[in-house]
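**Student:** Quick one: the structure is below, and I'll ask about it shortly.
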Amino acid sequence: MSINETYPIREFLSYLTFQKRYSRHTIISYENDLTAFFDFISIEFNIINLPEISASMIRSWLASLKENKISSKSINRKISTLKSFFKYQLKMNTIEVNPVSSITSLKISKRLPSFIEQKDINTLFSEVEFLNTWEDKTNRLLLMIFYHTGIRLSELINLKQSHIDKRNSTIKVLGKGNKERVIPVNNILLKEIDNYILEQKKNIPDILNDFLLINKKGKKLNPKSVYNIVKKYLANVSTNKRKSPHILRHSFATHLTNNGADINAIKELLGHASLASTQIYTHNSIDKLKQIHKQAHPKS
């Protein structure tokens with residue numbers, strides 16, 4: 001009998017899928033974490049019944065992860081998975097005591113989000129050559145949308161034409177947990193989108209979907225191909241080691257902060273559930289101020 005059948009993992013994953021409406025990617029992460037945990041419990045302690053699992057057993061698993069050089073961030077994610085799982089079991093009366101209640105997350109040092117300099121972004125859109133092909137038109141527009149809106153990779157590839165509201169100059173985005181948010185966009189981006197849709201109707205007339213960004217076959221973009229496109233173009237303008245769609249998201253937030261945008265407004269634009277996730281961008285802003293002060297003040 002498999003681990004998934006021995007323990008009520010499937011039932012929990014169904015709950016996350018149909019009740020919580022988590023993404024497929026998130027469900028897979030939960031499944032992998034739980035399978036690894038119960039594999040360890042079965043081998044090390046020969047435990048099958050959930051009520052027998054104790055906090056010390058969980059700590060043993062976490063210690064083994066640490067010994068195997070698993071990062072604190074990854075371990076904290078696994079702790080979060082267990083907390084969700086056993087909280088659900090408590091709700092279902094499968095257990096009477098939650099063995100994870102006394103387990104605390106590991107402390108991790110916060111790393112400032114890396115971003116592309118404003119001058120490099122300007123170079124990307126004003127000096128880098130984009131050919132008059134469908135592929136390059138798509139590449140340019142996806143780069144613009146990433147930087148102008150700060151949306152995630154998954155949000156971009158699922159963006160639809162019906163999500164564009166030209167009258168109100170906004171884009172509707174479906175984020176994590178199927179939460180909707182509305183992002184204001186300027187006329188420059190709206191005009192680019194409008195031209196792209198017109199070209200789309202002319203060059204690829206038999207499209208059977210409503211996705212905004214499509215390949216030359218009329219199909220939704222692949223996440224890996226989008227990642228590689230961003231990496232390729234950022235390599236032309238920046239020496240930053242990190243070159244990904246998420247770097248453009250960080251750049252969007254950092255540049256807004258540096259130009260005086262309200263942190264609560266940035267939180268809403270990014271779709272963060274907590275302000276704590278957004279406040280890290282203020283550190284980049286402070287560093288920028290220190291740099292300006294050092295360069296400009298006569299006594300610095």
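**Student:** Assign one of three labels to segment 3-91, namely rounded, prolate or oblate, based on the Cα gyration tensor with a ≥ b ≥ c the square roots of its eigenvalues; rounded applies when a/c is under 1.5, prolate when it is not and a/b is larger than b/c, and oblate otherwise.
**Tutor:** In terms of gyration-tensor shape, oblate.
**Student:** Right, here's the next one. Please go through segment 130-222 and write out the trypsin sites (Lys or Arg not before Pro) that DSSP classes as loop and that have at most 13 other C-beta atoms within 10 Å.
**Tutor:** Passing both the DSSP loop test and the Cβ count: Lys166, Arg167, Lys179, Lys216, Lys217, Lys219.
**Student:** Please give the helix 55-67 orientation as an angle from the longest Cα principal axis of the chain, in degrees from 0 to 90, rounded to the nearest 10.
**Tutor:** Tilt of helix 55-67: around 50 degrees.
**Student:** A further question follows. Let me check the size of segment 182-275 from its C-alpha atoms; what are the radius of gyration and Dmax in Å?
**Tutor:** 16.3, 45
**Student:** Another one. Go ahead and run the numbers for FRET between Phe125 and Gln161, Cβ-Cβ distance against an R0 of 25 Å, rounding to 0.05.
**Tutor:** 0.65
**Student:** Report the gain in length on full extension from Lys91 to Lys231: 0.36 nm times residue separation, minus Cα-Cα distance, nm rounded to one decimal.
**Tutor:** Extra length from Lys91 to Lys231 when fully extended: 45.9 nm.
**Student:** Please arrange Thr239, Thr149 by how many other C-beta atoms lie within 10 Å of their C-beta, fewest to most.
**Tutor:** Lowest count first: Thr239, Thr149.
**Student:** Can you give the extra length, in nm with one decimal, that the chain gains between Asn32 and Ala276 once fully stretched, where that is 0.36 nm per residue apart less the Cα-Cα distance?
**Tutor:** Contour length minus the Cα-Cα distance gives 85.1 nm.
**Student:** If you take the alpha carbon radius of gyration of segment 118-296 and divide it by 2.2 N^0.38 Å, what ratio comes out, to two decimals?
**Tutor:** Rounded to two decimals, the normalised Rg is 1.06.
**Student:** Something else about it: Viscosity 0.692 mPa s, temperature 37 °C: give me the Stokes-Einstein translational D for the chain in µm²/s, with Rh taken as the Kirkwood radius over C-alpha pairs.
**Tutor:** 147 µm²/s
**Student:** Could you name the aspartates and glutamates whose alpha carbon sits less than 14 Å from that of Lys243, not counting residues in the same chain fewer than 8 places away?
**Tutor:** Excluding near neighbours in sequence, the set is Glu117, Asp120.
**Student:** Hey, another quick one. When only Cα pairs under 8 Å and 6 or more residues apart are kept, what is the percent relative contact order across the chain?
**Tutor:** 17 percent
**Student:** Order of Ile53, Ile183, Ile263 from fewest to most other C-beta atoms within 10 Å?
**Tutor:** Ile263, Ile183, Ile53
**Student:** With everything on Cα atoms, drop me the angle between helix 223-235 and the longest principal axis of the chain, reported from 0 to 90° to the nearest 10.
**Tutor:** Tilt of helix 223-235: around 50 degrees.
**Student:** Further, regarding this structure: Mind scanning Lys73/Lys219; Lys66/Lys231; Lys119/Lys267; Lys78/Lys241; Lys87/Lys176 and naming the pairs with a C-alpha gap bigger than 30 Å?
**Tutor:** Flagged as over cut-off: Lys73/Lys219; Lys66/Lys231.
**Student:** Write down the radius of gyration of segment 43-95 and its Dmax, each obtained from C-alpha positions, in Å.
**Tutor:** Rg then Dmax for segment 43-95, in Å: 12.2, 35.
**Student:** Quick one: Asp262, Asp206, fewest Cβ neighbours within 10 Å first, how do they rank?
**Tutor:** In order of increasing Cβ crowding within 10 Å: Asp206, Asp262.
Every number here is computed from the coordinates shown, using simple stated rules; none is lab data. All values derive from a computational prediction rather than experimental measurement. Counting neighbours? That spans all protein chains shown, and the Cβs are built from the backbone with ideal geometry, glycine included.
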